[in-house]
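The values are calculated or read from the model by the stated rules, or taken from the named source; none is laboratory data. Just so we're clear, the structure is a prediction, and the values are computed from it rather than from any experiment. Here the Cβ is made from the backbone with ideal geometry for all residues, glycine too, and neighbour counts use every protein chain on show.
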Amino acid sequence: MATTNLLFYIKITNNQLGVIMDNKTVFIISSNKELKNCIVRSGYFSDVFISNNYKHKIPNETDILIADEAAISLEQYKTIFDKNFKHIKSHYFISSDQDTYQKVYNDLSAMGIIVFPPKLTAKQVTQNLCEYSIDDYIPLKSAICFFGGGHGAGVSIVSQLVAKRLSEITDKSIAYIILSGSEEADYINTNGGNQGLSAIKDKLTNNILSREELLSSFIKYDNLYILPGERDISKVKYYHPKHIENLVDLSLDAFDAIILNCGSGGTSGMSIGGINSSGLKYLVTTQSSKYLNNFKKIEKQIFSNLGIDTNEFKLILNKYIDSDQLPSAGKLSEAYNMQISGLIKLSDPVLSLIIESGGGSFLDNDKYFKKSIDLLSGQLASNLNFEILDTEKRKNLFKRFLDKNS
């Protein structure tokens, strides 16, 4: 079947998306309409053209050209570059094959062209485009992911309790979304019932989920809103990263901040979609070498192929023990090549095991753990520009009121 040559043109005005545009014109050589839509939704570009035919006339006012190797080969691109593309200020090329990526990168980088690796989602390409081309671009910060160095590192407990504590120390609505492959929040007393990802999967994956349907799938827990994960583990594999990216986009319209528990496997569409959608990224790990080895394997075999930059992660060291026989925080920061954002000391191993077995709450029983979670939550509130409530002052005022009226 012959492919129809198509040209789509979209023009949007500043007040449609509520952001300051840079008045740059983008031309995309690709058949990927999703990429066009993502760039439009970013709100940073005034005019967006897309054509699946590289021979189509490119407007003279074009500032940015994005060429997809799936629509124009490297040799075609290089052959017509001087005649057709050289007048354009900024050039980006999306490689389509991991095996030839290095050659494409070497050839085009020498020409001053930025090359994106294969398998990036439309959202990742858009984020990278904004970072390179928009001077005042600030990556979305109100979606925060927690990823674990391996099973048992503590990503679930840390992410859950940070979400809970953040909802308590601010007046903001905080969503906690479970993308780890499990259904329930392990350390927060709640019951998913008919709510959660399972209830909205079909509409989410078919891109017809409404805001109202999304909100009804969350469980309200004081100022915290929890979206339980997929209850049928056999269906986890059917979630594509773009499904989770759409979920996060919808959730950002409904809540002030989103905490994503992305698990520790790094192989599921849930996990990858959550990482792709996050501005702030945390890796939860311990001093155990097995987690370092596991993460390096994920970094090399999965993240590098998906364009996920692990330098964007900040490190949270869980179950930390001061010992000359174990790597120090500084050594771990160096080994992971990440800045440390949190250090949670293991104060009482027996108490930790009792609590993890359901015998109580960390925040109620372990003052050192509580202090660490408070510090992490306060730091996160600061990063999000959320005002921290003066709870102690409120408690004292309430106490004086009771004393006065007793």
Of the residues in segment 221-255, those that are among the hydrophobic types (A, V, I, L, M, F, W, C) and under 27 Å from L35 (Cα atoms) come to V236, I244, L247, V248, L250, L252, A254, F255
Could you please find all residues in segment 374-390 being in contact (Cβ under 8 Å) with a residue 60 or more places away in the chain and either more than 14 Å from D256 (Cβ to Cβ) or of a type in the set (G, A, S) (or both)? D374, L376, S377, G378, A381
If T4 satisfies every condition in (1) hydroxyl-bearing (S, T, Y); (2) at pLDDT 90 or above; (3) in a loop (DSSP other than H, G, I, E, B) but one, which is the exception? (2)
Applying the selection to segment 29-73, what residues are of a type in the set (S, T, N, Q) and either surrounded by fewer than 20 Cβ atoms within 10 Å (Cβ to Cβ) or closer than 16 Å to Q124 by Cβ (or both)? S30, S31, N32, N37, S42, S46, N53, N60, T62, S73
Out of K300, K242, K296, I need the residue that is in contact with a Gly (Cβ under 9 Å, 6 or more places away or on another chain) and over 20 Å from I226 (Cα atoms). Which one? K242
Note on segment 219-234: residues under 16 Å from D202 (Cα atoms) and within 23 Å of the chain's Cα centre (by Cα) are L227, P228, G229, E230, R231, I233
Show me the strands (runs of 3 or more DSSP E) entirely contained within segment 60-174 in which 3 or more residues are of a type outside the set (A, V, I, L, M, F, W, C) and either over 30 Å from K220 (Cα atoms) or touching a residue at least 24 places away in the same chain (Cβ under 8 Å) (or both). 90-94
Which residue is nearest to K172 (Cα to Cα), if the candidates are limited to segment 213-229 and must be outside any loop (DSSP other than H, G, I, E, B) and not hydroxyl-bearing (S, T, Y)? L224
Could you list, in sequence order, the residues of segment 223-234 that are surrounded by fewer than 18 Cβ atoms within 10 Å (Cβ to Cβ) and farther than 14 Å from F255 by Cβ? R231, D232, I233, S234
Regarding S277, is this residue more than 22 Å from L317 (Cα to Cα), polar (S, T, N, Q) and at pLDDT below 90? yes
Suppose the filter is in the same structural domain as Y336 (by TED's automatic domain parsing) and surrounded by 18 or more Cβ atoms within 10 Å (Cβ to Cβ); does V115 pass it? no
